[in-house]
Amino acid sequence: MKDKIFEPRILGFLCNWCSYAGADLAGVSRLQYPPNIRIIRVMCSGTVSPHHILHAFQRRADGVLVAGCHIGDCHYLKGNYLTMKRMKFLEGLLRFAGYEPQRLHLEWISAAEGGKFADTVREFTERIRELGPAPSFEAVPKATAIKVT
Ligand code: FES
């Protein structure tokens, strides 16, 4: 019997003003990228809370991409600075929860960068394919209590 090929499930949170328009440009330019990504359009990458990302992993996403405007271009001025801080925090949180932090990726993609969007999705899908399926929340070892002496 043939082994089933692992197809990563990737969720992408794309900011409306830049990255979503970049994804749209990739589409109208007929650029090829893997169909593994499902996109959620958000008004700003800064509106993506850690809760959304953890919930995505809880619902069996193998990888999460967050994409927003380049630094200095956020339409809400400081949204992407907030995103940068959150992503650092989330990397640690994922590591603590037993997930490889590489399953989360942040990229700045402008409305004119359709090619960059396609390349990002291609490279991220390959990375997740190499990592394999994400562990389920039930399979993640429970954190053991730290004994304070
Ligand atoms: S509006 Fe695009 S990152 Fe804030």
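What are the membrane-span-like helices in the chain by this rule: whole DSSP H runs, Cα extent along the axis at least 24 Å, mean Kyte-Doolittle hydropathy at least -0.5?
On the way: long enough: 79-96 (26 Å, -0.11); 114-131 (26 Å, -0.76).
In the chain, the long hydrophobic H runs are 79-96.
The count of lysine pairs in the chain that are at least 8 places apart or cross chains, and whose C-alpha atoms lie under 23 Å apart, stands at 5. Counting 0.36 nm for each residue step from R38 to H75 and taking away their Cα separation leaves a gain of 11.0 nm. Per residue, the chain exposes 61 Å² of accessible surface when a 1.4 Å probe is rolled over the protein heavy atoms with every protein chain present.
What part of the accessible area of the chain, given as a whole %, is carbon or sulfur when the probe is 1.4 angstrom? Spell out each step's value before the answer.
Working: 5250 of 9100 Å².
With neighbouring chains kept in place, the figure for the chain is 58 percent.
Here each label is just a point 7 Å from Cα along the line to Cβ, and for H51 and R122 those points are 3.8 nm apart.
Are there any chymotrypsin sites (Phe, Trp or Tyr not before Pro) in the range 11-52 that are in a DSSP loop and have at most 11 other Cβ atoms within 10 Å? List them by number.
Numbers: sites: F13, W17, Y20; in loops: W17.
The qualifying sites: there are none.
Points 7 angstrom from Cα along the Cβ direction at L93 and S136: gap in nanometres? Reported label-point gap for L93 and S136 is 2.3 nm. Loop-located trypsin sites (Lys or Arg not before Pro) across the range 1-38 with a Cβ neighbour count of 11 or fewer within 10 Å are K2, K4, R30, with loop assigned by DSSP.
The values are calculated or read from the model by the stated rules, or taken from the named source; none is laboratory data. Remember, it's a predicted structure, so these values are computed and weren't measured experimentally. Reconstructed Cβ throughout: ideal geometry from the backbone, glycine too, with neighbour counts over all protein chains shown. Please note that ligands, DNA and RNA were not included when accessible areas were found on the heavy atoms of the full protein model with its side chains. Shrake-Rupley method; radii C 1.70, N 1.55, O 1.52, S 1.80 Å.
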